[in-house]
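Everything on this sheet refers to the single structure shown next.
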Amino acid sequence: MRFPRPRWLLLAPAALLALAPGALASALGDPVELPSPARGLNLLVVGTDSRARVTAAEKERFRLGGKGCDCTDVMMLVHLSARNDRISVVSLPRDSLAELPGPHTDVRDGAVHDSHPAKINAAHAEGGALLTVETVEAATGLDVHRFLKVDFRRFMDAVDRIDGGVPICTTKPLKDPSTGLDLPVGTKRVGGGEGLQYVRSRKADGEMDFGRIRKQHRFVVNALDRLRSGGVFREPRKLAALASTLRGTEPAERGSSPAELLSLAARLRAVPLSRTEFATVPVRGFNPPVEGAGSTVGWDAEGAAEVFARLRADRPLPPGDAVAPSEISVADYAPARGSSLICP
């Protein structure tokens, strides 16, 4: 789906600044308003490992070498309640075993594949946004209403648009030789490059992907807090630039338009961080190697079913003690309030 050239680019800065968020959204072109399903809105936010448009100097400084596979190494299912009074975020580990629905066309070579097992992060590399959405819908039983993809370039540029940077904090030193992360105890405000090092770090605390997911949750919360306290949510021109940066220009099945992102920002602003919750899907353990997929993470079937049933019913996530893994779990399921993740 291709979106028209945003009409806000034709507006003079003074006129743009005079627009309220709702009016600004209408100036950005269709579609403007997000869907309003009776049981809440589901947005799938993914982060890919694409290095497109990242400079050689940035690759060296922020340890971004290597070749990306266009895999979705970050996958967050964001549920905004129908009453706009609660946000639930559930991360899906990148190595989760999934069934890629078929038949589907491989975007890399045009081959047509039947359904087959794979790591969930491989869906995007193989079938783009559409297959990613269909895979998540099949795995969760939820309708995905909108899709947002952020690559390295968009992430860094978006974070750099947050005045004063985003706070990151730790109670113990964090050092990761792979990403170059080197954080002392305390709080530090970072721009896009250092922020990317932080959310990519798997080896700093020995918790691998599960620790990385918790860092991502903390970063999202502190970015939202800074957007509010720093005034970006109240400055139409800055907000429009941020929305356009996040969205980019690449067409995507069910992709959010910049105007819809502005509408989402207005709704996010109305939800206090105490009414947000962050969790990782309940995990049972690691599966035996699967042909075509290798070593994968297995969800706890009963726990995951309960989590997604709550979202389908537009209810809060179940508390940690209500989701007991059926086997030994490699990562505790314990939703965290967003207000508990704010850095001092």
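The values are calculated or read from the model by the stated rules, or taken from the named source; none is laboratory data. On a predicted model such as this, the values are computed, not experimentally measured, just so you know. Here Cβ is always computed from backbone atoms with ideal geometry, including for glycine, and neighbour counts include all displayed protein chains.
Are any of the residues in region 332-340 part of a loop (DSSP other than H, G, I, E, B), at pLDDT 90 or above and touching a Pro at 6+ places or on another chain (Cβ under 8 Å)?
Yes, region 332-340 contains a residue that is part of a loop (DSSP other than H, G, I, E, B), at pLDDT 90 or above and touching a Pro at 6+ places or on another chain (Cβ under 8 Å).
What are the pairs, 6+ residues apart or on separate chains, where a residue within region 247-258 that is within 19 Å of Thr135 (Cα to Cα) has its Cβ under 9 Å from a residue that is crowded, with 18+ Cβ neighbours inside 10 Å and hydroxyl-bearing (Ser, Thr, Tyr)?
Glu253/Thr132
Among the residues of region 179-202, is any over 21 Å from the mean Cα position of the chain (by Cα), in contact (Cβ under 8 Å) with a residue 40 or more places away in the chain and surrounded by fewer than 22 Cβ atoms within 10 Å (Cβ to Cβ)?
yes
Among the residues of region 294-303, count how many are touching a residue at least 40 places away in the same chain (Cβ under 8 Å) and under 23 Å from the mean Cα position of the chain (by Cα).
First, pick out the residues of region 294-303 that are touching a residue at least 40 places away in the same chain (Cβ under 8 Å): 294-299.
Okay, now just the ones that are also under 23 Å from the mean Cα position of the chain (by Cα), so 296-299.
The qualifying residues number 4.
Among the candidates Asp163, Asp151, Asp143, single out the residue that is in contact with a Ser or Thr (Cβ under 7 Å, 6 or more places away or on another chain), touching a residue at least 24 places away in the same chain (Cβ under 8 Å) and of a type in the set (Asp, Glu).
Checking each option against the conditions leaves just Asp151.
Which members of region 108-129 meet the condition of being over 22 Å from the mean Cα position of the chain (by Cα) and among the aliphatic types (A, V, I, L, M)?
Listed by number, the residues that qualify are Ala111, Val112.
Take the conditions of a type outside the set (D, E, K, R), surrounded by fewer than 21 Cβ atoms within 10 Å (Cβ to Cβ) and at positive phi and apply them to Gly165. Does it pass?
Taking the combined requirement at face value, the residue satisfies it.
With the structure loaded, tell me whether Arg234 is surrounded by fewer than 22 Cβ atoms within 10 Å (Cβ to Cβ), within 30 Å of Asp314 (Cα to Cα) and at pLDDT below 90 or whether it fails that test.
When the stated conditions are applied, Arg234 passes them.
Conditions (1) at pLDDT 95 or above; (2) touching a strand residue (DSSP E or B) at 6+ places or on another chain (Cβ under 9 Å), marked per residue:
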| residue | (1), (2) |
| --- | --- |
| Arg153 | yes, no |
| Met156 | yes, no |
| Asp160 | yes, no |
| Gly164 | no, yes |
| Pro167 | yes, yes |
| Thr179 | no, no |
| Gly186 | yes, yes |
| Gly191 | yes, yes |
| Glu194 | yes, yes |
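Which residues, counting only those in region 196-214, are of a type in the set (D, E, K, R) and out of contact with any helix residue (DSSP H, G or I) (no Cβ under 6 Å at 6 or more places or on another chain)?
Arg200, Lys203, Glu207, Asp209, Arg212, Arg214, listed by residue number.
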